[in-house]
Amino acid sequence: MKLISCVGVTIGYDGQRAVNNVSFDLEQGDYLCVVGENGSGKSTLVKGLLGLIKPQEGSITFDGIAPNEIGYLPQQTVIQRDFPASVTEVVISGCLNRRGLLPFYSRLEKARAADKMKQLNITDIKKKSYRDLSGGQQQRVLLARALCATEKLLLLDEPVSGLDPVMTADLYQLVAKLNQTQGITVMMVSHDLESAIKYGNKILHMKTATAFFGSTEDYLKTEMCQRMMGVQKHD
Amino acid sequence: MIELLTELMSYAFVVRALIVGVLVSLCAALLGVSLVLKRYSMIGDGLSHVGFGALALAMALNLSPLEVAIPVVAVAAFVLLRISENSRIKGDAAIALISSSSLAIGVIIISYTSGMNADTSNYMFGSILAMSESDVFLSVGVSVVVILLYVLFYNKIFAVTFDESFTRATGTNASRYNTLIALLTAMTIVVGMRMMGALLISSLIIFPALTSMRLFKTFKQVVISSAILSVICFVAGIVVSFIFSFPTGASVVVINLLTFTLFSTISLFKKKI
């Protein structure tokens with residue numbers, strides 16, 4: 001079943017096309033990695049999917065998922081680094097889309113937040129301040145918040161940037177586990193091609209336009225992939 | 001101490017100033033937490049300068065000061081918010097331009113109409129005598145609205161402050177809450193400005209939040225502590241200004257500064273241990 005289909009999506013800023021005529025489908029259970037260089041339109045595409053920017057052309061259709069039911073893990077902002085908020089406060093804010101105009105969280109949302117914190121092994125730090133956590137712990141907290149917001153789809157925007165290798169591996173495994181055991185569809189924007197190939201079953205390679213979209217096996221056969229892998233190994 | 005307080009309370013103008021000041025401090029502190037965390041502190045400062053210009057204009061046109069200042073500052077709040085969200089113009093520079101321009105225009109209007117006099121100084125640095133009975137009613141009205149909306153939208157305000165993109169992505173209209181915060185700030189500033197002074201009122205917004213963040217680690221604690229600190233500092237400021245005949249606004253700011261220093265020192269020691 002297709003959760004999201006993008007057909008000919010074009011998004012631009014100030015007359016420049018950041019995303020040019022991109023089409024792809026996201027099926028339920030997929031682990032789609034979006035790769036490409038800086039400025040290739042990856043983050044803009046994510047913003048388009050989330051409804052933060054309106055596409056100028058093309059269509060984005062959601063099926064079986066409401067646009068506000070995407071569990072989004074944004075790139076960290078400067079504001080967050082020294083933000084005084086407890087882990088619980090951050091995680092439960094993911095339940096906001098279930099409340100509509102109702103002002104306060106009910107027992108249901110509190111239980112949901114507690115459940116997600118347990119699942120991600122952060123219950124013991126739930127009273128700690130977000131700003132006192134390590135980078136890896138912060139990402140777990142944001143992931144728990146994203147899981148509060150969704151049952152179906154996680155959208156991660158460069159989740160491992162700024163993490164050390166151990167934390168990076170840890171986060172990748174966590175996401176893979178959510179994908180495999182809970183059937184949560186994953187779409188991940190990444191710089192890290194090796195991990196994209198290792199974990200993703202589909203690859204979207206962007207160069208403003210779609211340079212490649214298809215299964216990871218097919219991607220491995222392309223010259224583009226071999227060249228990129230070569231470059232990364234020589235780094 | 002009790003004698004002093006009864007003496008203070010025997011002056012009707014002091015009572016009025018206390019009521020307005022406590023309510024304005026409370027509102028400013030609540031809104032300040034979000035503004036400081038979102039890096040919008042300068043908006044408070046900009047708005048008060050625009051307010052100064054609006055007051056000068058009202059005086060020149062012989063209109064009631066608040067009737068002119070509230071709409072003008074509300075419009076300015078909209079504009080400043082748009083500027084801050086628009087990444088193409090550097091927000092801080094634009095705010096500095098707007099605030100110094102309004103100040104300049106206000107000063108020119110005043111010197112043209114009544115000349116620079118005690119009134120001008122009162123507008124810039126505040127006067128405890130400025131509060132009339134209608135100000136008391138207005139400030140009660142404004143603070144009831146601010147506190148009610150703040151409590152009702154508390155969870156949304158937290159979410160929008162912590163992570164606007166995520167909140168937007170999960171279907172909350174973040175701009176609406178930003179606008180709400182800016183409008184409430186505009187109203188709070190206009191009400192408090194004549195007592196605290198156009199140049200000093202922004203301290204009511206910034207100090208309590210900043211001070212509380214030295215020691216407290218969750219959003220709820222910071223909000224509650226800011227509200228309490230803000231009211232305590234205001235009352236202490238009034239008492240100090242009464243005892244030593246200091247200007248009221250400046251006394252409140254200095255008390256806030258001392259509290260901030262105290263909290264910073266404690267947090268420094270806590271880190272070392």
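Can you tell me which residue in the stretch B:203-218 is farthest from the other protein chains (Cβ to nearest Cβ), limited to those that are open to solvent by 10 Å² or more (accessible area, probe 1.4 Å) and either at pLDDT below 90 or within 21 Å of B:PHE52 (Cβ to Cβ) (or both)?
Initial filter on the stretch B:203-218 (open to solvent by 10 Å² or more (accessible area, probe 1.4 Å)): B:203, B:206-207, B:210, B:213-218.
Next cut, either at pLDDT below 90 or within 21 Å of B:PHE52 (Cβ to Cβ) (or both) only: B:203, B:206-207.
On the way: B:SER203: 20, B:ILE206: 15, B:PHE207: 16 Å.
Filtering the stretch B:203-218 for residues that are open to solvent by 10 Å² or more (accessible area, probe 1.4 Å) and either at pLDDT below 90 or within 21 Å of B:PHE52 (Cβ to Cβ) (or both), the one farthest from the other protein chains (Cβ to nearest Cβ) comes out as B:SER203.
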(request) Could you list all residues from the stretch A:20-41 that are of a type outside the set (S, T, N, Q) and either within 14 Å of chain B (Cβ to nearest Cβ) or within 13 Å of A:PHE213 (Cβ to Cβ) (or both)? (result) A:VAL22, A:PHE24, A:ASP25, A:LEU26, A:GLU27, A:ASP30, A:LEU32, A:CYS33, A:VAL34, A:VAL35, A:GLY36
(request) Please go through the stretch B:156-180 and pick out each residue that is open to solvent by 10 Å² or more (accessible area, probe 1.4 Å) and of a type in the set (Val, Ile, Thr). (result) B:THR172, B:THR179
(request) Could you tell me whether any residue of the stretch A:157-179 is within 22 Å of B:ASP163 (Cβ to Cβ), in contact with a strand residue (DSSP E or B) (Cβ under 7 Å, 6 or more places away or on another chain) and within 12 Å of chain B (Cβ to nearest Cβ)? (result) yes
(request) Select from the stretch A:112-130 the residues that are open to solvent by 60 Å² or more (accessible area, probe 1.4 Å), part of a helix (DSSP H, G or I) and within 19 Å of B:PHE158 (Cα to Cα) and list them in ascending order. (result) none
(request) Give the stretch A:26-59 a look and list any residue that's modelled with pLDDT under 90 and of a type in the set (Asp, Glu), or say none. (result) A:GLU27, A:GLU37, A:GLU57
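If you go through the stretch A:69-88 one residue at a time, how many are farther than 12 Å from A:CYS148 by Cα, part of a helix (DSSP H, G or I) and either within 9 Å of chain B (Cβ to nearest Cβ) or at pLDDT 90 or above (or both)? I'd like the intermediate steps shown before the answer.
Taking the stretch A:69-88 first, the residues farther than 12 Å from A:CYS148 by Cα are A:74-87.
Then drop every residue that is not part of a helix (DSSP H, G or I), which leaves A:78-81, A:87.
Remaining after also requiring either within 9 Å of chain B (Cβ to nearest Cβ) or at pLDDT 90 or above (or both): A:78-80, A:87.
Selection size over the stretch A:69-88: 4.
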(request) Kindly indicate which of B:PHE234, B:PHE260, B:PHE269 is aromatic (Phe, Trp, Tyr), within 28 Å of B:ALA17 (Cβ to Cβ) and open to solvent by 10 Å² or more (accessible area, probe 1.4 Å). (result) B:PHE260
(request) Quick one: count up the residues across the stretch A:200-226 that are within 17 Å of A:LEU155 (Cβ to Cβ) and open to solvent by 50 Å² or more (accessible area, probe 1.4 Å). (result) 2
(request) From the list B:MET193, B:MET187, pick out the single residue that is in a helix (DSSP H, G or I), away from chain A (no Cβ under 14 Å), open to solvent by 20 Å² or more (accessible area, probe 1.4 Å) and of a type in the set (A, V, I, L, M, F, W, C). (result) B:MET187
(message) Among the numbered criteria (1) open to solvent by 50 Å² or more (accessible area, probe 1.4 Å); (2) more than 17 Å from the chain's Cα centre (by Cα); (3) hydrophobic (A, V, I, L, M, F, W, C), which one does B:ALA60 miss?
(response) (1)
(message) Against the condition touching a residue at least 24 places away in the same chain (Cβ under 8 Å) and assigned to a loop (DSSP other than H, G, I, E, B), how does A:SER5 come out, does it pass?
(response) no
(message) Can you confirm whether B:ALA104 is out of contact with any helix residue (DSSP H, G or I) (no Cβ under 9 Å at 6 or more places or on another chain), assigned to a helix (DSSP H, G or I) and surrounded by fewer than 14 Cβ atoms within 10 Å (Cβ to Cβ)?
(response) no
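The values are calculated or read from the model by the stated rules, or taken from the named source; none is laboratory data. Quick caveat: nothing in here was measured; it's all calculated off a predicted structure. Ideal geometry is used to build each Cβ from the backbone, glycine not excepted, and the neighbour counts take in all protein chains shown. When the accessible area is computed, the model is the full protein with side chains, heavy atoms only, and any ligands, DNA or RNA have been set aside. Shrake-Rupley method; radii C 1.70, N 1.55, O 1.52, S 1.80 Å.
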